[in-house]
Protein chains: 2
Amino acid sequence: MRATVMYGAGDVRVEDVPDARLIEPTDALVRVTSAAICGSDLWPYKSMEPTPEGRRMGHEFIGLVEEAGADVRTVKRGDLVVAPFLWSDGTCVFCREGLHTSCLHGGRYGDPGVDGGQGEAVRVPQADGTLVALPVEANDALLPSLLTLSDVMSTGHHAALSARVGPGKTAVVVGDGAVGLCGVIASKRLGAERVILLGRNPARTALGREFGADEVVEERGEAAVERVRELTGGLGAHSVLECVGPDDAVLTAIGCARDGGAVGRVGIPEGDTIPGVHQSFFANLVLAGGPAPARAYIEELLPDVLEGTIEPGRVFDRTTGLDGVPDGYRAMNDREALKVLVEP
Amino acid sequence: MRATVMYGAGDVRVEDVPDARLIEPTDALVRVTSAAICGSDLWPYKSMEPTPEGRRMGHEFIGLVEEAGADVRTVKRGDLVVAPFLWSDGTCVFCREGLHTSCLHGGRYGDPGVDGGQGEAVRVPQADGTLVALPVEANDALLPSLLTLSDVMSTGHHAALSARVGPGKTAVVVGDGAVGLCGVIASKRLGAERVILLGRNPARTALGREFGADEVVEERGEAAVERVRELTGGLGAHSVLECVGPDDAVLTAIGCARDGGAVGRVGIPEGDTIPGVHQSFFANLVLAGGPAPARAYIEELLPDVLEGTIEPGRVFDRTTGLDGVPDGYRAMNDREALKVLVEP
């Protein structure tokens, strides 16, 4: 079959790989109908050391179950399913608490021996604990939005929950990437009274406004913090969603937070430490977040997507076949595309 | 009057200073009956740059109101009162939310123009928003415990709340100082199923056991983390109270936490950053805490002290007059005394 393999920074190839097939009786074989390139795929795209083996890429996908292992109970051949960006057993102590990202028997797509989502098919380990069957057809107009549940929409939701967004609160979203924009959706959905989006890409912030952002702040760093403080009576925001990752974005997020408020972090940390400890400590900020337990959130968010209440699929602004994946990486890395949908 | 002044690291003097007196109509003049030396006083004791003006010391005290300003409504001459370690107006948006440490019109004892608690008397600004009248006599046996409400017991409670201690949870307390020991009390009080105390001073950990610690871990750093993981089925603790401050203690705290758990920080940060970001991020830890809003907690904890349900005053293991304060600093710095009670 054909699949995407990264061999080093900037070196993404679509090539023939061994066909995906069941190995464990808990596996399901999923024929991918749509997949995505993730902002987090750009980290290795920028920095990966060259390797002759390469790494299979992609962790967001929807597909049709082609074959289910003997022990699989919850999905069957012919089901359209969405996969969260990590696989999980659904039964361990963490999965039962809804923290599937810490599953004791889970793992990542693309790890040695595991397929990636940017390919024709995927062997999904722990299918019962991982896959969620979708009550739509494979050509449904809702598919792009359903696909975001695998990662970006769930991650935006995690940022908002971690930042303790709720009714009557002001939320600041740091970053106008796909996750930040989903953070805007999630904040409005959780009842935020006011959402301020930090970003300066006109097309993205315009979409952010359509998603519900009340204000857009184009400034960065200290100037952004000042502007947010002006907009919040000098106090800062109750909830800040950090959707970028690098230290300067984290410092901006901390600076925008009101004393006693919360910063929900979903941007992958860049360094070894969290900056701004004196600011966060003396302001009694809560710092929370991490990888989103998308498996738990898919069930929570699915009704809203099916009803059309939220439309996170609008973050996709380019669609390509499998052969166009390398150029999709380039386009996202050059900020030419916001998020690329792949139809293998 | 006589009061404690620090002129630099290791240079603590008790000397004559101008008598405390009312300045604003919202002030109260409090004749100190008991005060304390705080672990946080040891930071300047270790590191303060020499200064000819000196700094007035002490922020934990109980005393009798000698005179109340014209606008003071809630305390009157003759009242025995306890002061939280910061003063606050009680009316601003943060005070109304119970976050008196972020009071828009509050401040610190010992700042220029404000007395310190380790002296004969204190002008307390914003008396209505700051002082809490105590329903006991000035010679009551409960006074040491009541005095801890001004800082250490409230701070231990803040650590426990920030670490989300609750019924059925395992709490780890990092540090066997007075705050850590109060964190043990607070954890049991909030219903922790099991409390593990990290410390190696036999007298202190013995007191910790009397306060309710189920286990004591004497190891430090990685060895302590390993031991805590052994004690918690490999998973770590739901709640970790970081009651020390330096980076190695914070790393230990993070290492002891269970995925999805919380670290409540009350130890004053040493560096500019929080270490261990990859551990805390990928484990979805909550990092919370800061200076304790003691003013809010005094009212919450007071009934338990008055009923004798908790006895945090047992952390005091030495009592001195005002002249003995410099030696009290030395004794605490040398870990010869756990916490020193001052009776001016």
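The values are calculated or read from the model by the stated rules, or taken from the named source; none is laboratory data. None of the values given here were measured: they were computed from a predicted structure. Note that we place each Cβ from the backbone using ideal geometry, even for glycine, and neighbour counts take in every protein chain shown.
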Here the qualifying pairs (Cβ atoms under 6 Å; residues six or more apart or on different chains; first in region B:171-193 and at positive phi; second of a type outside the set (A, V, I, L, M, F, W, C)) come out as B:Gly191/B:Gly166; B:Gly191/B:Pro167
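When you check B:Ser150 against the structure, is it over 30 Å from B:Gly260 (Cβ atoms) and crowded, with 24+ Cβ neighbours inside 10 Å, yes or no?
On the way: over 30 Å from B:Gly260 (Cβ atoms): yes; crowded, with 24+ Cβ neighbours inside 10 Å: yes.
For B:Ser150, the condition - over 30 Å from B:Gly260 (Cβ atoms) and crowded, with 24+ Cβ neighbours inside 10 Å - is met.
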Name the residue, out of A:Arg31, A:Arg13, that is touching an Asp or Glu at 6+ places or on another chain (Cβ under 6 Å), outside any loop (DSSP other than H, G, I, E, B) and surrounded by fewer than 23 Cβ atoms within 10 Å (Cβ to Cβ).
A:Arg31
Being under 19 Å from the mean Cα position of the chain (by Cα) and either part of a helix (DSSP H, G or I) or without any contact (Cβ under 8 Å) to a residue 60 or more places away in the chain (or both) is the filter here; which residues of region B:134-153 pass it?
B:Leu143, B:Pro144, B:Ser145, B:Leu146, B:Leu147, B:Thr148, B:Val152, B:Met153
Got at least one residue in region B:279-286 being within 7 Å of chain A (Cβ to nearest Cβ), aliphatic (A, V, I, L, M), assigned to a strand (DSSP E or B) and more than 23 Å from B:Glu219 (Cα to Cα)?
yes
Give the residue, chosen from B:Val184, B:Val173, B:Val225, that is outside the structural domain of B:Gly308 (by TED's automatic domain parsing), β-branched (Val, Ile, Thr), in contact with a Ser or Thr (Cβ under 8 Å, 6 or more places away or on another chain) and part of a helix (DSSP H, G or I).
B:Val225
If a residue must be surrounded by fewer than 20 Cβ atoms within 10 Å (Cβ to Cβ) and more than 9 Å from every other protein chain (Cβ to nearest Cβ), how many such residues does region A:235-246 contain?
1
Just one of A:Leu142, A:Leu161, A:Leu104, A:Leu99 is surrounded by fewer than 21 Cβ atoms within 10 Å (Cβ to Cβ), among the aliphatic types (A, V, I, L, M) and within 14 Å of another protein chain (Cβ to nearest Cβ); which is it?
A:Leu104
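Considering only residues that are more than 8 Å from chain B (Cβ to nearest Cβ) and in a strand (DSSP E or B), look in region A:258-272 and name the one that is farthest from A:Ala159 (Cα to Cα). Please lay out each step first, then the result.
Going through region A:258-272, the residues more than 8 Å from chain B (Cβ to nearest Cβ) turn out to be A:258, A:261-264, A:266-267, A:270.
Subset that is in a strand (DSSP E or B): A:258, A:261-264.
On the way: A:Arg258: 17, A:Gly261: 14, A:Ala262: 10, A:Val263: 8, A:Gly264: 5 Å.
Out of the qualifying residues, it is A:Arg258.
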Kindly list the number of the only condition in (1) part of a helix (DSSP H, G or I); (2) touching an Asp or Glu at 6+ places or on another chain (Cβ under 9 Å); (3) away from chain A (no Cβ under 13 Å); (4) crowded, with 23+ Cβ neighbours inside 10 Å that fails for B:Arg204.
(4)
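Determine whether B:Ala288 is small (Gly, Ala, Ser) and surrounded by fewer than 22 Cβ atoms within 10 Å (Cβ to Cβ). Give the steps one after another, and end with the answer.
On the way: small (Gly, Ala, Ser): yes; surrounded by fewer than 22 Cβ atoms within 10 Å (Cβ to Cβ): no.
Spelling it out, it is not the case that B:Ala288 is small (Gly, Ala, Ser) and surrounded by fewer than 22 Cβ atoms within 10 Å (Cβ to Cβ).
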If we ask which residues in region A:112-122 are assigned to a loop (DSSP other than H, G, I, E, B) and modelled with pLDDT of 95 or more, their number turns out to be 6
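Would a scan of region B:306-313 turn up a residue that is on the phi < 0 side of the Ramachandran plot and touching a strand residue (DSSP E or B) at 6+ places or on another chain (Cβ under 8 Å)?
Restricting attention to region B:306-313, the residues satisfying the condition of being on the phi < 0 side of the Ramachandran plot are B:306-307, B:309-313.
Remaining after also requiring touching a strand residue (DSSP E or B) at 6+ places or on another chain (Cβ under 8 Å): none.
No: region B:306-313 contains no residue that is on the phi < 0 side of the Ramachandran plot and touching a strand residue (DSSP E or B) at 6+ places or on another chain (Cβ under 8 Å).
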Looking at region B:325-336, I want the residues that are more than 15 Å from B:Gln118 (Cα to Cα) and have a partner that is of a type in the set (Phe, Trp, Tyr) with Cβ atoms under 8 Å, at least 6 apart or on another chain. Which pairs are those?
B:Asn333/B:Tyr45
Checking A:Thr252 against (1) within 14 Å of chain B (Cβ to nearest Cβ); (2) in a helix (DSSP H, G or I); (3) within 30 Å of B:Asp272 (Cα to Cα): exactly one of these is not met. Which one?
(1)
Residues that are assigned by TED's automatic domain parsing to the domain that holds A:Ser102 and in contact with a Cys (Cβ under 9 Å, 6 or more places away or on another chain): does region A:264-277 have at least one?
no
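Hey, among A:Glu218, A:Glu193, A:Glu210, which residue is surrounded by fewer than 24 Cβ atoms within 10 Å (Cβ to Cβ) and out of contact with any Gly (no Cβ under 8 Å at 6 or more places or on another chain)? Walk me through how you get there before you give the answer.
Working: A:Glu218 fails: out of contact with any Gly (no Cβ under 8 Å at 6 or more places or on another chain); A:Glu193 fails: out of contact with any Gly (no Cβ under 8 Å at 6 or more places or on another chain).
After applying the criteria, what remains is A:Glu210.
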Within region B:287-315, how many residues turn out to be more than 13 Å from the chain's Cα centre (by Cα) and more than 10 Å from chain A (Cβ to nearest Cβ)?
15
Between A:Pro84, A:Pro135, A:Pro125, A:Pro167, which is over 22 Å from A:Gly321 (Cβ atoms), at pLDDT 95 or above and outside the structural domain of A:Leu301 (by TED's automatic domain parsing)?
A:Pro167
